[in-house]
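The values are calculated or read from the model by the stated rules, or taken from the named source; none is laboratory data. Given the structure is predicted, the values throughout are model-derived calculations rather than measurements. Using ideal geometry, Cβ is built from the backbone for each residue, glycine included, and neighbour counts are taken over all protein chains shown. The accessibility values were calculated without ligands, DNA or RNA, using every heavy atom of the protein model including side chains. Shrake-Rupley method; radii C 1.70, N 1.55, O 1.52, S 1.80 Å.
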Amino acid sequence: MNPQETSDLLAALMRQEELLKQLVASINKPKLRLHSDAGNCKIYCNRQHGGLWYTLNGEPSDVPQTALTGYLKELRFENTERRKKESCKLLITMQADRTYILESGYDTHFSKCILAAIATLTPQQLYSPITLQPQPGTTDESVLFCRVWVESELIMTNYNDQTDWKVTARQAIDVVKAASQMVF
């Protein structure tokens, strides 16, 4: 490639980068309209109220959608009080049409499925949207699993009683942090 071709290519790439920045800024700009979607939407991931997941606005309200697609922004654990008992929850922050925070018990199958799947991914894979799809257990009506999709690929993982969940959780959290720090 001669110097002029190199220069032309660099100029074209710089124009493309600027257009991409404008596109991202446009997508991230808040919608100027009347709406009821201010703030975060917290979704509780368990089968306690008849569905697969639900929100609380005074009373539990079943979420009829069967999957959430968005950008995984954060995984973190939080100690909280539920029913006058201390408990640890996994909080999964997803950015979609708004910010969704999914809450699940730290040791539930739902959380284990997500942690095991995310721990196997690369930060580059998390630069694309992922889909979380709750799946009911077939033999126990209280069990809820979660399928994790990256684009159209189901992330298949296994775990068992010997899985070191502290290591798996740390790997998953580190992948999400690395993805959030990536610059393209």
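Could you say whether any residue in region 115-137 is of a type in the set (Ser, Thr, Tyr), touching a residue at least 12 places away in the same chain (Cβ under 8 Å) and touching a Cys at 6+ places or on another chain (Cβ under 7 Å)? Steps first, answer last, please.
Narrowing region 115-137 to residues of a type in the set (Ser, Thr, Tyr): 120, 122, 127-128, 131.
Add one more test, that the residue is touching a residue at least 12 places away in the same chain (Cβ under 8 Å), and what stays is 120, 122, 127-128, 131.
This time we only want the ones that are touching a Cys at 6+ places or on another chain (Cβ under 7 Å), so: none.
No.
In region 107-140, what count of residues is obtained for those that are outside any loop (DSSP other than H, G, I, E, B) and either open to solvent by 50 Å² or more (accessible area, probe 1.4 Å) or over 22 Å from Glu78 (Cα atoms) (or both)? Walk me through how you get there before you give the answer.
Restricting attention to region 107-140, the residues satisfying the condition of being outside any loop (DSSP other than H, G, I, E, B) are 109-119, 125-127, 130-136.
Keeping just the survivors that are either open to solvent by 50 Å² or more (accessible area, probe 1.4 Å) or over 22 Å from Glu78 (Cα atoms) (or both) gives 109, 125-127, 130-131, 133, 135-136.
So the answer is 9.
Cβ contacts < 7 Å: first residue under 16 Å from Ser104 (Cβ atoms), restricted to region 55-66; second residue among the basic types (Lys, Arg) and part of a strand (DSSP E or B), any location; separation 6+ or different chain. Result?
Close Cβ pairs satisfying both conditions: Thr55/Lys42.
Collect the residues in region 141-184 that are more than 19 Å from Pro123 (Cα to Cα), open to solvent by less than 100 Å² (accessible area, probe 1.4 Å) and either touching a Lys or Arg at 6+ places or on another chain (Cβ under 9 Å) or of a type in the set (Ser, Thr, Tyr) (or both), keeping them in residue-number order. Talk me through it step by step, then tell me what you get.
Within region 141-184, the subset more than 19 Å from Pro123 (Cα to Cα) is 141-146, 158-166.
Now restrict to residues that are open to solvent by less than 100 Å² (accessible area, probe 1.4 Å): 142-146, 159-160, 163-165.
Correct list: Ser142, Val143, Leu144, Phe145, Cys146, Tyr159, Thr163, Trp165.
List the pairs whose first member sits in region 69-82 and is within 18 Å of Lys112 (Cα to Cα), whose second member is charged (D, E, K, R), and whose Cβ atoms are under 9 Å apart, counting only residues at least 6 apart or on separate chains?
Filtered contacts from region 69-82: Glu74/Lys177; Leu75/Lys177; Phe77/Lys89; Glu78/Lys89; Glu78/Glu103; Asn79/Glu86; Asn79/Lys89.
Limited to region 143-184, what total is found for residues that are closer than 14 Å to His109 by Cα and either part of a strand (DSSP E or B) or among the small types (Gly, Ala, Ser) (or both)?
6
Hey, does region 57-80 have a residue that's outside any strand (DSSP E or B), basic (Lys, Arg) and either surrounded by 11 or more Cβ atoms within 10 Å (Cβ to Cβ) or at pLDDT below 90 (or both)? Steps first, please.
So the first thing to find is which residues in region 57-80 are outside any strand (DSSP E or B), and the list is 58, 63-67.
Imposing the further condition that a residue be basic (Lys, Arg) reduces the set to none.
Scanning region 57-80 turns up no residue that is outside any strand (DSSP E or B), basic (Lys, Arg) and either surrounded by 11 or more Cβ atoms within 10 Å (Cβ to Cβ) or at pLDDT below 90 (or both).
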